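The block underneath contains the structure these notes are about, expressed in structure tokens.
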Amino acid sequence: MKEMPNVLWLEEIKKEDIPSVGGKGASLGEMTSIGLPVPKAFVVTAQAFRRFLVETGIEDTLFRRLERLDVDDNGALESVSREVQDLVLSVGIPDQIHEEITDAYTRMGANGTVVAVRSSATAEDLPEASFAGQQETFLNILGEKDLIDAVQRCWASLYGARAIYYRAKQGFDDRSVNIAVVVQELIQSEKSGVMFTSHPVTGEPLTIVEGSWGLGEAVVSGSVSPDNYVFDLRSGRVVDRLIAEKEIMIVPEGRHGTKIVELSSEQRVAPVLSEAEVARLATLGKIAEDHYGIPQDIEWAIVGDEVFILQSRPITTIKRPEIPRPGAAGKQKTAQGVVLLEGQGASPGVASGRVVIVRDVKDTSAVKDGDILVTKMTNPDMVPAMRRVSAIVTDEGGMTCHAAIVSRELGTPAVVGSKKATKVLKDGQMITVDGEKGIIYDGTIETAAVAAPAPVAAVAAAAPVITGTLVKVNVSLPEAAQRAAATGADGVGLLRIEHLILGLAKTPGWYIEHGAEEEFIGELYGGIKTVLDAFPGKPVWVRTLDAPTDEFRNMEGGENEPAEHNPMLGWRGIRRDLRSPDQFRMQIEAFRRLWAAGYDNLGLMFPLVNHPNEFVQARAMMEEWGVDVEKVTLGVMVEIPSSAILIEDFIKAGIRFASFGTNDLIQYTLAIDRNNENVADMYEPEHPAVLRLIDYAIKACREHGVECSICGQAGSDPRMVAWLVEHGITSVSANIDAVPRIREAVARKERQILLDAARRNA
């Protein structure tokens, strides 16, 4: 952390800088580097925030107050949150940090620039979770004094009640989450909004643009029901649009803050965007999606003829209907009932319950499990209550408002933009919410009863897809275990433990140095056990630690981590464990206890192994620490060309299985860094050299009866999986959302192989 400056300009930032500039800052820097029209900005780094905590002497006091906090106790949560935020605001920013921030601000404009000051938490805007709205943003800030105040208030907002609660429920430790602050020229937008480069619920390849007049806060907060445009890039035209009645807009006020302005009757119903503007936005969105390789949620603004991109983050809410969503009622059809209201279906599912109207966050104390929360618009303070309800209904908002985003992430049915739910519905009233169709029915609508047994001629239910090739699933966090198991996967082909360890915010070395090895072993044991319990009788392959040094460096205990020019080619994987026996021993002890507890479905997989001698050495160390290595399942990742070439020697050394880590195998075979934009387009999973290595290893494993699998990203590509099945792979392991379509791809290829064989023998 010592090497990172207190301030970075967007031109200096890439997407890999999340630990220093947070998700928002990294995204802005990355977009700037590819030429998207991003307003000028600098970032006060997460390291500046940490130096602030340390140099003011408040760090230990702050984190002690957060330890053992029961976030479900609203009173305690609010009290501790206020106390910790007051602590952050009670001390001055150290002179050096203060000076660097004000110097950067002066460089933005000689006469002072009006800026937006936005929090950028280092666990924010990631593919795994959306932290939208958890920290503060301050708009229309002018002058050094107000800027410094806004930066410090952003820091304090990291410990708001809603932020503490959300982190706890998402499995993020407070010590592991830092905060950066983006200071960006404020665009005095005439029109603004949000676009999804793919449909945020179904994932369809349609760009959805929502817009309203003034600053984008009106759309993001749900204060206004925006216009909605659907643009099909294939046909190059707007295929659907809904012009909403927009009652207000948010605009800058004087030298500080914003104000709400009532719109004229003409503006209320006037279209915000022309078709040409929608097309321009969709084109910019496509550039961002192509660059990141994943659908994006983008904030935009327009002034005159100029279009600006203000933020881009991955869409975290696309749901595959094949996988059950927690709290959702599935696709059951409801009987026709009395329609009370209609709005926009923002999160699919059907739920019935008792109405609780929330006009203020204080009203959330009345919300019980299974109730239906009805409010004008939700805000982040309502998230604890939103987790308890069976459905959510709002007066205002669109597909990109807070209620829509959080509901989709929670898997809770939601209807937004109903206009008058808080007026039409009454406290205690029983209603049914259809979050897919956007309809609110009177009373409890019973789902269609299961039909009585039919005559033999009736059509039987479709049988589950059975494949000879095992279809497993990749898991990163214990919290995902039940959802992964719900896919019907044949086991876990990759459980990464580095996510468990990184979540502890302390390096393994810290636990060793502080005599806290039992705490480390217990955390590892509990996390892995959660996944094993979700897959009884099915194999679960756990990969030993594979965290590059740059990931350890920002953790407690990581101060002495080596600064490597390319950590991906450095001290990681089994090579580090073998040279750090105490770190390796703690991991093995957790595994040994799980085997002793009867979890014989646990298999251990060593990463980044480049010679059989490393496997032999690791096996010998395990035996020395009390593991009966003849009775447990040990294997290796094949992610270095040498391990593919030497696969027969690995088999002779005693591996029981091998699994391709294609993400690294492709990079190391082709000398291509897939995160380097200069060569990323040359990253080719189906390169002949890569396929030849894989084919060679598969044949050797089959010849010797060793299970051969794949757990890299290519295992979630149906076309690649079809090739692997054709070449004789034993199993494949896919990402959670990809399991159903990968199973279908496997079954289709297996049927084709059988059909071809039958035809040849006919």
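Structure above, values below:
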| read-out | value |
| --- | --- |
| Selection count where residues are open to solvent by less than 20 Å² (accessible area, probe 1.4 Å) and of a type in the set (S, T, N, Q), scope region 214-227 | 1 |
| Every residue from region 141-156 that is within 27 Å of the chain's Cα centre (by Cα) and open to solvent by less than 10 Å² (accessible area, probe 1.4 Å) | Val151, Cys154, Trp155, Ala156 |
| Ala563 being under 28 Å from the mean Cα position of the chain (by Cα), touching a residue at least 24 places away in the same chain (Cβ under 8 Å) and not in a loop (DSSP other than H, G, I, E, B) | no |
| Any chance Val71 is assigned to a helix (DSSP H, G or I) and surrounded by 15 or more Cβ atoms within 10 Å (Cβ to Cβ) | no |
| Residue match in region 351-360 (condition: basic (Lys, Arg), open to solvent by 60 Å² or more (accessible area, probe 1.4 Å) and within 24 Å of Ala244 (Cα to Cα)) | yes |
| Matching helices (runs of 4 or more DSSP H) fully within region 569-636 where at least 1 residues are without any contact (Cβ under 8 Å) to a residue 24 or more places away in the chain and basic (Lys, Arg) | 573-579 |
| Residues located in region 403-419, provided they are modelled with pLDDT under 70 and either buried (at least 24 other Cβ atoms within 10 Å of the Cβ) or basic (Lys, Arg) (or both) | Ile405, Val406, Arg408 |
| Residues (within 18 Å of Thr444 (Cβ to Cβ) and open to solvent by less than 80 Å² (accessible area, probe 1.4 Å)) located in region 420-429 | Ala421, Val424, Leu425, Gly428, Gln429 |
| Exclusive hit being closer than 30 Å to Leu691 by Cα and either among the polar types (S, T, N, Q) or open to solvent by 60 Å² or more (accessible area, probe 1.4 Å) (or both), set Gln617, Gln583, Gln587 | Gln617 |
| Residue that is modelled with the lowest pLDDT [pool: residues in region 379-399 that are open to solvent by 10 Å² or more (accessible area, probe 1.4 Å) and farther than 19 Å from Ala421 by Cα] | Pro380 |
| Filter result for Gly573 (at positive phi and open to solvent by 20 Å² or more (accessible area, probe 1.4 Å)) | no |
| Which numbered condition Leu670 misses (of (1) without any contact (Cβ under 8 Å) to a residue 24 or more places away in the chain; (2) open to solvent by 60 Å² or more (accessible area, probe 1.4 Å)) | (2) |
| Search result, residues across region 511-556 that are surrounded by fewer than 19 Cβ atoms within 10 Å (Cβ to Cβ) and of a type in the set (Gly, Ala, Ser) | Gly515, Ala516, Gly522, Gly526, Gly537 |
| Scope region 717-744; condition over 21 Å from the mean Cα position of the chain (by Cα), assigned to a helix (DSSP H, G or I) and surrounded by 24 or more Cβ atoms within 10 Å (Cβ to Cβ); matching residues | Val721, Leu724, Ile742, Arg743 |
| Hits in region 642-665 - residues which are open to solvent by 30 Å² or more (accessible area, probe 1.4 Å) and over 22 Å from Lys538 (Cα atoms) | Ser642, Ile645, Leu646, Glu648, Asp649, Lys652, Asn663 |
| Members of region 162-175 that are open to solvent by 40 Å² or more (accessible area, probe 1.4 Å) and not basic (Lys, Arg) | Ala168, Gln170, Gly171, Phe172, Asp173 |
| Members of region 460-497 found to be small (Gly, Ala, Ser), open to solvent by 20 Å² or more (accessible area, probe 1.4 Å), on the phi < 0 side of the Ramachandran plot and modelled with pLDDT of 85 or more, listed by number | Gly468, Ala485, Ala486 |
| Any strands (runs of 3 or more DSSP E) falling wholly within region 214-319 and containing at least 1 residues that are closer than 21 Å to Ala403 by Cβ and in contact with a His (Cβ under 9 Å, 6 or more places away or on another chain) | 227-232 |
| Residues located in region 83-97, provided they are buried (at least 17 other Cβ atoms within 10 Å of the Cβ) and not in a loop (DSSP other than H, G, I, E, B) | Val84, Gln85, Leu87, Val88, Ile97 |
| Residues satisfying the stated conditions in region 210-253, i.e. free of Cβ contacts under 8 Å to residues at least 24 places away in the same chain and either within 10 Å of Gly398 (Cα to Cα) or among the acidic types (Asp, Glu) (or both) | Asp240, Glu247 |
| Single residue of region 14-42 satisfying the filter (modelled with pLDDT under 90, of a type outside the set (Gly, Ala, Ser) and not in a helix (DSSP H, G or I)) that is most open to solvent (accessible area, probe 1.4 Å) | Lys14 |
| Residue count for region 113-139, restricted to those that are modelled with pLDDT of 85 or more and within 19 Å of Val251 (Cα to Cα) | 7 |
| Residue in region 686-695 that is surrounded by 22 or more Cβ atoms within 10 Å (Cβ to Cβ) and under 17 Å from Ala489 (Cβ atoms) present | no |
| Some residue of region 43-54 being surrounded by 21 or more Cβ atoms within 10 Å (Cβ to Cβ), in contact with a strand residue (DSSP E or B) (Cβ under 7 Å, 6 or more places away or on another chain) and among the polar types (S, T, N, Q) | yes |
| Cross-chain or 6+ apart pairs with Cβ under 9 Å, region 23-51 first and over 16 Å from Phe308 (Cα atoms) and among the aromatic types (Phe, Trp, Tyr), then open to solvent by 10 Å² or more (accessible area, probe 1.4 Å) and outside any helix (DSSP H, G or I) | Phe42/Val7; Phe42/Leu8; Phe42/Trp9; Phe49/Asn178 |
| Residue in region 361-375 that is farthest from Val433 (Cα to Cα), counting only those that are surrounded by 17 or more Cβ atoms within 10 Å (Cβ to Cβ) and touching a strand residue (DSSP E or B) at 6+ places or on another chain (Cβ under 8 Å) | Thr364 |
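The rows are residues; the columns are (1) touching an Asp or Glu at 6+ places or on another chain (Cβ under 7 Å); (2) of a type outside the set (Asp, Glu).
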{"residue": "Arg572", "(1), (2)": "yes, yes"}
{"residue": "Asp600", "(1), (2)": "no, no"}
{"residue": "Phe606", "(1), (2)": "no, yes"}
{"residue": "Asn613", "(1), (2)": "no, yes"}
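Residues are listed down the side, and each one gets a yes or a no for (1) within 28 Å of the chain's Cα centre (by Cα); (2) open to solvent by 30 Å² or more (accessible area, probe 1.4 Å):
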{"site": "Val230", "(1), (2)": "yes, no"}
{"site": "Val239", "(1), (2)": "no, yes"}
{"site": "Ile243", "(1), (2)": "no, yes"}
{"site": "Ile248", "(1), (2)": "no, no"}
{"site": "Glu253", "(1), (2)": "no, yes"}
{"site": "Thr258", "(1), (2)": "no, yes"}
{"site": "Thr283", "(1), (2)": "yes, yes"}
{"site": "Glu289", "(1), (2)": "yes, yes"}
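The values are calculated or read from the model by the stated rules, or taken from the named source; none is laboratory data. Quick caveat: nothing in here was measured; it's all calculated off a predicted structure. With ideal geometry, Cβ positions are generated from the backbone for all residues, glycine too; neighbour counts draw on all protein chains shown. The accessibility values were calculated without ligands, DNA or RNA, using every heavy atom of the protein model including side chains. Shrake-Rupley method; radii C 1.70, N 1.55, O 1.52, S 1.80 Å.
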